[in-house]
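Peer 1: Handing you a structure now.
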Amino acid sequence: MGASNPVDAWHLSDDPKVTIAAENIRLRYTVQRSERRSPLRRSSRSSVTGPVLRGVSLAAREGEMVGLVGLNGSGKSSLLRVLAGLQPATSGTVVASAQPQLLGVSAALVPDLSGEDNIWLGTLAMGMSPDDAYFAKERIEQLAGLGDAIRQPMRTYSSGMGARLRFAISVAADPEILMIDEALATGDASFGERSKEAMHDLITRAGTVFLVSHAAKTIEEMCTRALWLDRGLLVADGPAEEVAALYRYYAHSLAQNKTDAAAGAIARAQDSFPPIALGAEEQ
Ligand SMILES: Nc1ncnc2c1ncn2[C@@H]1O[C@H](COP(=O)(O)OP(=O)(O)OP(=O)(O)O)[C@@H](O)[C@H]1O
């Protein structure tokens, strides 16, 4: 670990253990856009980029359940993907005590293999021993509830069936750092109750949990701490109940076009719960 490791640079104590730290994460996506100025002209291609994360710094510890709140497009999923190592940041540093697992996404499955074979592949790829994978297999099959289709190639599955299998595989693990993007962890109604229970079990076993949810209430109820992202900036990092309540008031005010009240809520959150080290805003 070099001097750029935020855990060292910020002189953070390791009690409870810091499981993941990120310093000054910046992210820009480059998107190819094709432009056709008139129907008679050939289209030209140009690329557009925009800052998605603008200097996000944070550290999380064992036993914490960290919620991410923010409007659509504020960068919550992108931040999870960067922290999980699934999306390289444009700049900045992430250090983690173990490979974070993004629920339902980290398991890379093979469409030509059957569901059953993918269970083997997924569990071994998540670092389970062959013995643990063997014992987990039945539990996974039951939770996925795909019946005989489990012996069919995964490419024959509907997207919902694939999502169920991926979800069932990922909740069988014992991750030290678990990330849940609620938008990705859904199933149909019959799957809903069982998946909720399995997720609850998993959360109790995990060390540090990050949760993205559009319901501020879920964050208030489930999390110990909340991060508020606004257009790629981390504006607040504090106790889940207080941060989520201010965010709720902010979103409600915006929906009613009360922009002064919304600005007041964000300013109060920034003053009361400043993040560990705000990066300078990208120009
Ligand atoms: N693969 C991508 N390529 C280009 N732009 C992207 C990509 N993924 C996300 N973005 C853009 O990055 C910004 C942040 O998106 P992100 O999905 O991280 O936000 P979010 O807060 O999770 O949103 P939501 O609440 O709607 O799920 C958005 O403007 C989005 O359009």
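Here's the yes/no breakdown for (1) away from the ligand (no atom under 12 Å from the Cβ); (2) touching a strand residue (DSSP E or B) at 6+ places or on another chain (Cβ under 8 Å); (3) at pLDDT 90 or above; (4) more than 20 Å from Asn72 (Cα to Cα):
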site	(1), (2), (3), (4)
Ser170	yes, yes, no, yes
Ser195	yes, no, no, yes
Ala198	yes, no, no, yes
Ile203	yes, yes, no, yes
Leu229	no, yes, yes, no
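Peer 1: So, one more: Against the condition in contact with a strand residue (DSSP E or B) (Cβ under 6 Å, 6 or more places away or on another chain), in a strand (DSSP E or B) and modelled with pLDDT under 85, how does Thr49 come out, does it pass? Step through it out loud before you land on a result.
Peer 2: Details: in contact with a strand residue (DSSP E or B) (Cβ under 6 Å, 6 or more places away or on another chain): yes; in a strand (DSSP E or B): yes; modelled with pLDDT under 85: yes.
Yes: the conditions hold for Thr49.
Peer 1: For region 65-87, state whether one or more residues are closer than 25 Å to Glu220 by Cα, surrounded by 12 or more Cβ atoms within 10 Å (Cβ to Cβ), more than 16 Å from the ligand (Cβ to nearest atom) and at pLDDT below 95.
Peer 2: Step one: of region 65-87, the residues closer than 25 Å to Glu220 by Cα are 65-84.
Add one more test, that the residue is surrounded by 12 or more Cβ atoms within 10 Å (Cβ to Cβ), and what stays is 65-71, 73-84.
Now drop any that are not more than 16 Å from the ligand (Cβ to nearest atom), which leaves 65.
Of the ones still in play, those that are also at pLDDT below 95 are 65.
Yes - at least one qualifying residue is present in region 65-87.
Peer 1: Related question: Examine region 9-30 for a residue that is under 25 Å from Pro274 (Cβ atoms), among the basic types (Lys, Arg) and at pLDDT 95 or above, and state whether such a residue exists.
Peer 2: Narrowing region 9-30 to residues under 25 Å from Pro274 (Cβ atoms): 9-28.
When the remaining residues are screened for being among the basic types (Lys, Arg), the result is 17, 26, 28.
Then keep just the ones that are at pLDDT 95 or above; that gives 26.
Yes, because at least one residue in region 9-30 is under 25 Å from Pro274 (Cβ atoms), among the basic types (Lys, Arg) and at pLDDT 95 or above.
Peer 1: For residues that are of a type in the set (A, V, I, L, M) and buried (at least 18 other Cβ atoms within 10 Å of the Cβ), scanning just region 205-221, find the one that is nearest to the ligand (Cβ to nearest atom). Quick ask: steps written out before the conclusion?
Peer 2: Of the residues in region 205-221, the ones of a type in the set (A, V, I, L, M) are 206, 209, 211-212, 215-216, 219.
So of that shortlist, the ones also buried (at least 18 other Cβ atoms within 10 Å of the Cβ) come out as 206, 209, 211-212, 216, 219.
Details: Ala206: 21, Val209: 17, Leu211: 12, Val212: 6, Ala216: 12, Ile219: 13 Å.
Within region 205-221, the match that is nearest to the ligand (Cβ to nearest atom) is Val212.
Peer 1: Moving to a separate point now. Given the conditions (1) away from the ligand (no atom under 16 Å from the Cβ); (2) surrounded by fewer than 22 Cβ atoms within 10 Å (Cβ to Cβ), and given that Ile140 satisfies all but one, which numbered condition is not satisfied?
Peer 2: It fails just one condition, (2).
The values are calculated or read from the model by the stated rules, or taken from the named source; none is laboratory data. It should be emphasised that the depicted structure is a prediction, and the values quoted were computed from it without experimental measurement. In this analysis, Cβ positions are derived from the backbone assuming ideal geometry, glycine residues included, and neighbour counts consider all displayed protein chains.
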